[in-house]
Amino acid sequence: MRYRLTLTDGSVEYIDNPAHYPDPSSIDKGEEPYIRATLIMPERYLGAVIKLCMEKRGENSKLNYLGPGRVELAYDMPLAEVIYDFYDRFKSITQGYGSFDYEMIDYRESNLVLVDILVTVKRSMPCHRSSTASRPDPERSAPARD
């Protein structure tokens, strides 16, 4: 996935690798790709699907009743929120009766941060700030030992 970063000098960079993420102090604004998702399902699953879309930072753009008991939802959502588990959760919620399609629509400004994941090796990935949790560094906050 490619993020669009506008730097303080006015230049624009597309970043698809966390290793190429510039110094945060040189970033004026960050943008992430958005999609328009079209979801068709039986009406009885509407509430649960709307809840899923809201969890994934979706913005409702359209609700249409196709006929008795069938609805179509259109949501604008960040592509990053859809890639990982959206489709599986959608199919689970609708018990396989829902259909999902999407198209790329644009880039939208987002509060992006670079998250470093330290397990056995360091991994990094850009993500929206709301998806991160501030946790103290155990090495920095550990009491001094005698």
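Odds and ends about this structure:
- Exactly one residue among Ile40, Ile35 is in a strand (DSSP E or B), farther than 21 Å from Ser131 by Cα and either among the aliphatic types (A, V, I, L, M) or touching a strand residue (DSSP E or B) at 6+ places or on another chain (Cβ under 8 Å) (or both), and that residue is Ile40.
- Residue within the range 21-31 that is touching a residue at least 12 places away in the same chain (Cβ under 8 Å) and part of a loop (DSSP other than H, G, I, E, B) present: yes
- Flag for Thr94 being open to solvent by 20 Å² or more (accessible area, probe 1.4 Å) and either at negative phi or within 19 Å of the chain's Cα centre (by Cα) (or both): no
- Flag not set for Glu109, criterion: within 17 Å of the chain's Cα centre (by Cα), among the acidic types (Asp, Glu), under 16 Å from Arg129 (Cα atoms) and not in a strand (DSSP E or B).
- Subset of the range 58-97 (residues that are assigned to a strand (DSSP E or B) and over 24 Å from Cys127 (Cβ atoms)): Lys62, Leu63, Asn64, Tyr65, Leu66, Gly67, Arg70, Val71, Glu72, Leu73, Ala74
- Of the listed requirements (1) open to solvent by 80 Å² or more (accessible area, probe 1.4 Å); (2) in contact with a Leu (Cβ under 7 Å, 6 or more places away or on another chain), Ile27 misses just one: (1).
- Those residues of the range 38-58 which are exposed (fewer than 13 other Cβ atoms within 10 Å of the Cβ) and charged (D, E, K, R), in sequence order: Arg44, Lys51, Glu55
The values are calculated or read from the model by the stated rules, or taken from the named source; none is laboratory data. None of the values given here were measured: they were computed from a predicted structure. Cβ atoms come from the backbone with ideal geometry, glycine included; neighbour counts cover every protein chain shown. Accessible surface areas use protein heavy atoms only, side chains included; no ligands, DNA or RNA. Shrake-Rupley method; radii C 1.70, N 1.55, O 1.52, S 1.80 Å.
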